[in-house]
1. Could you list, in sequence order, the residues of segment 299-319 that are among the aliphatic types (A, V, I, L, M), buried (at least 16 other Cβ atoms within 10 Å of the Cβ) and under 25 Å from the mean Cα position of the chain (by Cα)?
2. List the number of the failed condition for residue 227; all other conditions in (1) part of a loop (DSSP other than H, G, I, E, B); (2) in the same structural domain as residue 385 (by TED's automatic domain parsing); (3) of a type outside the set (Gly, Ala, Ser) hold.
3. Looking only at segment 274-293, filter to residues that are hydrophobic (A, V, I, L, M, F, W, C) and surrounded by 19 or more Cβ atoms within 10 Å (Cβ to Cβ); which one of those is nearest to residue 392 (Cα to Cα)?
4. Residue 234 fails exactly one of the following numbered conditions: (1) crowded, with 23+ Cβ neighbours inside 10 Å; (2) among the hydrophobic types (A, V, I, L, M, F, W, C); (3) within 16 Å of residue 165 (Cβ to Cβ). What is the number of that condition?
5. Using beta carbons and a limit of 8 Å, which pairs, at least six apart or on different chains, have the first residue in segment 22-49 and in the same structural domain as residue 173 (by TED's automatic domain parsing) and the second one of a type in the set (Lys, Arg)?
6. If only one of 264, 188 is at pLDDT 95 or above and not in a loop (DSSP other than H, G, I, E, B), which one is it?
7. For residue 76, only one of the following conditions fails: (1) in contact with a Ser or Thr (Cβ under 7 Å, 6 or more places away or on another chain); (2) in contact (Cβ under 8 Å) with a residue 40 or more places away in the chain; (3) surrounded by fewer than 20 Cβ atoms within 10 Å (Cβ to Cβ). What is its number?
8. Quick check: is even one residue across segment 163-171 modelled with pLDDT of 95 or more, in a loop (DSSP other than H, G, I, E, B), in contact with a strand residue (DSSP E or B) (Cβ under 6 Å, 6 or more places away or on another chain) and crowded, with 24+ Cβ neighbours inside 10 Å?
Amino acid sequence: MGEKIFLSSPHMSDEGYEMEYIKEAFDTNWIAPLGENVNSFEKELAAKVGAKHAAALTSGTAAIHMALKAVGIGEGDIVFCQSLTFSATANPIIYQNATPVFIDSDYETWNMSPKALEKAFGKYPNVKAVIVVHLYGLSADIDKISEICKKHNVPLIEDAAESLGTYYKGKHTGTFGDYGVFSFNGNKIITTSGGGMLVSNNEEKIKKVRFWATQARDQARHYQHSEIGFNYRMSNVVAGIGRGQLKVLDKRVAKKRYIYEYYKRELSGLDGVDFMPVNEWNQPNCWLSCMMLSGAVRPLDVILALEKENIESRPIWKPMHMQPVFEKYDFISSEYEEVEDMTMQEVAATSENKVSKSQWLFENGVCLPSDTKMSDVELDRVCKIIKGLWNECSDSNKTRV
């Protein structure tokens with residue numbers, strides 16, 4: 001068994017940028033939340049992606065929560081949310097006692113289907129917000145989705161947690177909607193160990209988010225609170241890591257894209273293998289390189305074969321509408337108009353055995369190790385193990401003949 005290869009682990013800069021800012025925090029004794037690193041990280045991240053304002057928070061989840069609060073989401077409100085995503089996208093809807101309605105993906109982007117979104121507005125005309133995701137660093141068809149939201153006068157929140165450094169038609173994802181959300185979790189393309197950022201061009205709302213995120217403390221000599229607050233502000237030490245990491249973002253994106261192209265070149269010739277779509281208008285950061293399998297070799301075969309050799313991989317996200325915790329909420333599919341009110345179990349039982357596109361992607365996809373510290377030797381090691389599965393299938397077929 002060789003040395004462990006991670007799916008996507010933290011990668012500090014070779015130049016030591018992070019330690020410079022951490023040392024500054026220690027030297028000035030600004031260890032607790034707030035300080036120069038926090039203020040500068042907000043400004044530098046906003047400038048990098050082309051947003052006017054930003055609030056540094058404890059996580060991407062906190063940023064989604066604050067975005068929902070900023071657009072006024074409350075008890076009983078309906079929020080459209082992409083189904084194919086991590087649960088952190090949907091959980092804050094429940095924090096606000098609102099009701100999620102999950103929207104299917106399309107095969108062209110793996111993200112929210114504009115067709116399904118338009119259909120959802122027909123069924124729920126009083127929806128209060130839309131959360132779209134840029135999955136695995138692939139941009140959603142954001143022009144169409146933005147146009148639909150503007151037509152219905154509904155705010156758009158972009159979950160760009162996985163897509164920092166991704167461009168849509170030359171513009172950073174996370175800057176098309178009313179609010180954009182970024183994550184700096186340990187597995188993201190740059191990390192602060194844990195943290196997130198909310199960006200917007202609405203200065204007053206970002207100021208309000210900072211207020212809420214600092215326990216909603218009123219300006220008074222004593223501790224006074226007129227609203228419920230949250231302990232969501234990023235610490236000055238963590239922000240220092242983020243400032244250093246931001247300096248190497250372009251390098252990390254280049255390496256992620258190199259890994260994707262390496263896998264695509266080496267594995268695309270295998271029977272039943274396809275890779276996540278890269279459209280002409282999309283310049284993805286390729287946070288994770290994902291492939292689809294439609295032949296005899298299944299995703300679990302790949303995962304187990306790599307695991308046996310001390311290599312991490314994982315399935316595509318299981319859609320939210322298939323999760324036990326969200327099973328009571330509605331799902332709008334882009335795959336089958338005539339059965340939109342059927343449960344997934346009922347759909348699976350039909351003679352056509354139709355499934356939604358997000359479910360198909362989950363059942364047939366696998367995320368390959370995409371760690372930016374991987375060498376060509378390690379990439380080759382991964383590819384050889386995967387190719388070996390097809391060789392085994394070929395040998396098995398010859399034996400049967």
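The values are calculated or read from the model by the stated rules, or taken from the named source; none is laboratory data. Keep in mind it's a predicted model, so treat the numbers as computed, not measured. FYI the Cβ positions are ideal-geometry reconstructions off the backbone, even for glycines, and counts take in every protein chain you see.
1. Those that are among the aliphatic types (A, V, I, L, M), buried (at least 16 other Cβ atoms within 10 Å of the Cβ) and under 25 Å from the mean Cα position of the chain (by Cα): 302, 303, 306, 311, 316.
2. All conditions are met except number (2).
3. 293
4. All conditions pass for residue 234, except number (3).
5. Matching pairs, first to second residue: 33/233; 34/233; 37/243; 38/233; 40/243; 41/243; 44/243; 46/52.
6. Checking each option against the conditions leaves just 264.
7. (2)
8. So far as segment 163-171 goes, yes, one or more of its residues are modelled with pLDDT of 95 or more, in a loop (DSSP other than H, G, I, E, B), in contact with a strand residue (DSSP E or B) (Cβ under 6 Å, 6 or more places away or on another chain) and crowded, with 24+ Cβ neighbours inside 10 Å.
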